[in-house]
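Working notes for the structure below.
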Protein chains: 2
Amino acid sequence: MQISSAESMLMQALWDRHPQSADELIRTLGPAQGWHESTIKTLITRLLQKQAIVAEKDGRRSLYAPLLTRDEWIADQSESLLDRVFGGRVAPLVAHFAEHRKLSRKDLAELKQLIAEIDDAD
Amino acid sequence: MQISSAESMLMQALWDRHPQSADELIRTLGPAQGWHESTIKTLITRLLQKQAIVAEKDGRRSLYAPLLTRDEWIADQSESLLDRVFGGRVAPLVAHFAEHRKLSRKDLAELKQLIAEIDDAD
DNA sequence: CTGCATGGTTTACATCCGTAGACTTTCGGC
DNA sequence: GCCGAAAGTCTACGGATGTAAACCATGCAG
């Protein structure tokens with residue numbers, strides 16, 4: 001089951017903090033995304049159907065929490081880009097960002113660090 | 001205007017070789033993607049509408065060529081993932097692939113090379 | 001007890017997408 | 001000049017998505 005782009009905004013909110021009531025989601029996401037109350041209700045319903053979140057009763061209302069983990073989602077999205085766009089190879093992807101000067105000095109440092117670690121682990 | 005996933009398959013074919021006639025596209029993509037002739041015709045039409053490709057008359061038929069460049073598309077797709085999933089930062093993205101052992105030895109070598117080059121250019 | 005607020009469910013609707021059939025136009029061969 | 005194949009255009013249709021209104025249930029305040 002696929003999480004749509006609007007739905008993923010709601011997931012992000014829940015990954016950042018959970019559980020949250022519909023009301024909380026509405027109050028934070030509404031303004032942030034320019035969504036009406038109903039829109040958020042719909043997204044909640046769809047995410048429940050997709051079993052990306054669960055509802056836990058808390059008296060009259062429900063508290064929602066993610067079922068799909070952020071990591072699973074990130075992995076999924078990344079895989080998809082990698083396969084669709086870069087033929088499954090990582091280096092071209094990084095090269096792309098490098099060429100387009102999307103690599104900040106900090107990114108570079110982190111990358112070096114990362115590569116060193118991987119080398120060590122090898 | 002957004003290029004859909006099926007449409008991007010057709011774009012890939014045109015980026016690899018252009019111009020191509022509808023017939024050629026049908027004969028290569030049809031089997032490869034399991035698409036019927038009509039499907040490919042539709043995709044061509046939609047891509048023309050989206051101005052992602054152009055038609056150049058060649059007698060009775062047309063030859064199609066990309067207008068949107070592969071690089072533009074790649075940049076677009078990558079940006080989108082980066083923003084939607086990684087908050088716009090590259091290192092976490094690469095870290096993700098590293099953690100999930102998606103980095104082949106070859107990727108690693110290429111990455112090191114890449115970083116060295118960037119460092120030099122600095 | 002009873003109506004209202006609050007939260008949840010149903011319905012709505014335009015657009016995009018994947019997939020494809022039907023119809024139309026036109027050029028080249030007979 | 002006419003007909004059929006090839007190319008292109010129009011129509012279709014179900015599912016997903018973005019966006020939201022309408023409606024329903026239910027427990028709390030009065």
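The values are calculated or read from the model by the stated rules, or taken from the named source; none is laboratory data. All figures in this text were calculated on a predicted structure; none of them were measured in a lab. With ideal geometry, Cβ positions are generated from the backbone for all residues, glycine too; neighbour counts draw on all protein chains shown. Heavy atoms of the whole protein, side chains included, go into the accessibility calculation; ligands, DNA and RNA do not. Shrake-Rupley method; radii C 1.70, N 1.55, O 1.52, S 1.80 Å.
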- Of all residues in region B:48-66, count the ones that are more than 10 Å from DNA strand C (Cβ to nearest atom) and closer than 17 Å to B:M11 by Cβ. 12
- Tell me, yes or no, whether region B:40-52 has at least one residue that is within 14 Å of chain A (Cβ to nearest Cβ) and hydroxyl-bearing (S, T, Y). no
- Message: Against the definition (of a type in the set (A, V, I, L, M, F, W, C), closer than 16 Å to A:E7 by Cα and part of a loop (DSSP other than H, G, I, E, B)), how does A:L103 come out, yes or no?
- Response: no
- Sort out which residues of region A:1-15 are within 11 Å of DNA strand D (Cβ to nearest atom) and either within 14 Å of chain B (Cβ to nearest Cβ) or crowded, with 16+ Cβ neighbours inside 10 Å (or both), and write them in order of number. A:Q2, A:I3, A:S4, A:S5, A:A6, A:E7, A:S8, A:M9, A:L10
- Task: Could you check, for region A:31-40, whether at least one of its residues is within 11 Å of DNA strand D (Cβ to nearest atom), modelled with pLDDT under 95 and closer than 23 Å to B:F86 by Cα?
- Result: yes
- Message: Residues that are away from DNA strand D (no atom under 12 Å from the Cβ) and either part of a strand (DSSP E or B) or touching a helix residue (DSSP H, G or I) at 6+ places or on another chain (Cβ under 8 Å) (or both): does region A:43-54 have at least one?
- Response: yes
- Message: Which numbered condition in (1) more than 11 Å from DNA strand C (Cβ to nearest atom); (2) touching a residue at least 40 places away in the same chain (Cβ under 8 Å); (3) open to solvent by less than 80 Å² (accessible area, probe 1.4 Å) is the only one that A:H18 fails?
- Response: (3)
- Query: Out of curiosity, is A:R84 within 14 Å of DNA strand C (Cβ to nearest atom) and out of contact with any Ser or Thr (no Cβ under 6 Å at 6 or more places or on another chain)?
  - Reply: yes
- Message: Take the residues in region B:24-43 that are open to solvent by 10 Å² or more (accessible area, probe 1.4 Å), more than 9 Å from DNA strand C (Cβ to nearest atom) and not polar (S, T, N, Q); name whichever of them is nearest to B:R70 (Cα to Cα).
- Response: B:L29
- Flag for B:D58 being more than 10 Å from chain A (Cβ to nearest Cβ), in contact (Cβ under 8 Å) with a residue 12 or more places away in the chain and acidic (D, E): yes
- Could you figure out which of (1) over 16 Å from the mean Cα position of the chain (by Cα); (2) touching a residue at least 40 places away in the same chain (Cβ under 8 Å); (3) away from DNA strand D (no atom under 13 Å from the Cβ) isn't true of A:R27? (2)
- Output the qualifying pairs, or none if there are none: Cβ atoms under 8 angstrom, residues six or more apart or on different chains, first residue in region A:108-122 and at pLDDT 75 or above, second residue acidic (D, E). A:L108/B:D119
- Note on the structure: Picking from B:A75, B:A95, the residue that is facing chain A (nearest Cβ under 10 Å) and within 16 Å of A:S104 (Cβ to Cβ) would be B:A95
- Message: I need the full set of residues from region A:66-102 which are small (G, A, S) and surrounded by 15 or more Cβ atoms within 10 Å (Cβ to Cβ), in order please.
- Response: A:A75, A:S78, A:A91, A:A95, A:A98
